[in-house]
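Every number in this text was worked out from the coordinates using simple rules, so none of it is lab data. A quick note: this is a predicted structure, and the numbers were derived from the prediction, not measured. Note that each Cβ is placed from the backbone with ideal geometry, even for glycine, and that neighbours are counted across all protein chains shown.
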Amino acid sequence: MVEGRFSRDQEGAWVRRVIALTDHTSLQMRDAYPQIQRHIALMRGLRVRWGVVPAAFCTYGRHLPYLDGVRRLGVRVAVVVGFPDGQLPMSAYLAEVQWSVRWRVHEIDVVPWWGAWWSGHTTQVLQELRWLVAQAPSAVWKVILEVNLWSSPAELYFACLEILHEVDVAFLKTSTGRYGAPTVDRVRPVLEAIRAYWRATGKRVGVKISGGIRTLADARRWLDLVQEVLGEEWLTPEYVRLGASRLLFSLDSHAG
């Protein structure tokens with residue numbers, strides 16, 4: 001699926017597919033109104049040029065008051081909570097979630113308190129996650145795993161399974177991007193846990209791969225892995241997302 005040359009029509013089809021699976025992201029310290037408007041203009045241009053828009057636009061809750069342009073494009077609004085290290089008190093988590101609910105966000109990408117989990121307090125982290133999800137039950141929740149920080153792929157796999165069985169989340173997300181791009185040996189356990197959960201329960205859960213995805217080739221490699229482990233039926237915006245801040249700028253430069 002990834003190797004070999006493609007005709008212009010084939011490459012164009014891939015560009016459109018990848019755009020539709022992307023959570024376009026802006027989580028920079030310099031972000032303010034002008035930067036957000038630049039991203040909206042990019043998405044508007046993609047719709048004109050390629051006839052498709054990204055699945056979602058992911059940013060800080062601070063910017064929710066001026067994302068009407070995102071909504072008008074038919075792009076879902078996603079915010080981060082507890083970002084990037086999960087070191088907020090629960091009152092701050094709650095405030096972020098309540099602010100998100102006030103602005104009717106579609107999706108929430110949450111960083112749990114992994115420090116507590118790795119210290120043996122898994123029950124507390126699961127309880128906190130369940131409580132947070134209950135504050136915004138209509139939102140699509142994505143749990144950010146920070147896959148590169150786990151001691152082993154096996155530990156990561158069993159943690160994913162526990163989360164899926166204990167918390168009603170829609171996606172497992174690999175990374176914040178703050179601790180390096182994920183590698184295949186850290187993404188595969190996440191996909192295998194999703195597959196095991198699906199086989200045990202019949203419920204499909206999505207995966208969001210984020211960090212270091214800058215080109216069409218990068219995106220295709222990850223989609224190839226998702227198809228290998230989970231199957232072609234997962235390759236829809238309902239079940240797979242590519243989190244990236246630069247990818248759409250790269251795709252915009254492709255010949256339409």
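Below is a table of values for the structure above.
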{"item": "Count of the range 119-141 residues which are in a loop (DSSP other than H, G, I, E, B), under 22 Å from the mean Cα position of the chain (by Cα) and of a type outside the set (Gly, Ala, Ser)", "result": "1"}
{"item": "Test: residue in the range 197-205 that is touching a strand residue (DSSP E or B) at 6+ places or on another chain (Cβ under 9 Å) and either within 17 Å of ALA13 (Cα to Cα) or not basic (Lys, Arg) (or both)", "result": "yes"}
{"item": "When residues of the range 146-188 are limited to those that are touching a residue at least 40 places away in the same chain (Cβ under 8 Å) and part of a helix (DSSP H, G or I), the one surrounded by the fewest Cβ atoms within 10 Å (Cβ to Cβ)", "result": "VAL184"}
{"item": "Looking only at the range 203-234, and only at residues there that are part of a loop (DSSP other than H, G, I, E, B) and closer than 16 Å to ALA181 by Cβ, the one that is farthest from the chain's Cα centre (by Cα)", "result": "THR215"}
{"item": "Pairs with Cβ under 8 Å, 6+ apart, first in the range 193-211 and at negative phi and surrounded by 14 or more Cβ atoms within 10 Å (Cβ to Cβ), second acidic (Asp, Glu) and part of a strand (DSSP E or B)", "result": "LYS208/ASP23; LYS208/ASP109; SER210/ASP23"}
{"item": "Which listed residue is in contact (Cβ under 8 Å) with a residue 12 or more places away in the chain, surrounded by fewer than 19 Cβ atoms within 10 Å (Cβ to Cβ) and outside any helix (DSSP H, G or I), from VAL79, VAL52, VAL105", "result": "VAL52"}
{"item": "Check on VAL52, more than 18 Å from GLN37 (Cα to Cα) and either of a type in the set (A, V, I, L, M, F, W, C) or touching a Cys at 6+ places or on another chain (Cβ under 9 Å) (or both)", "result": "yes"}
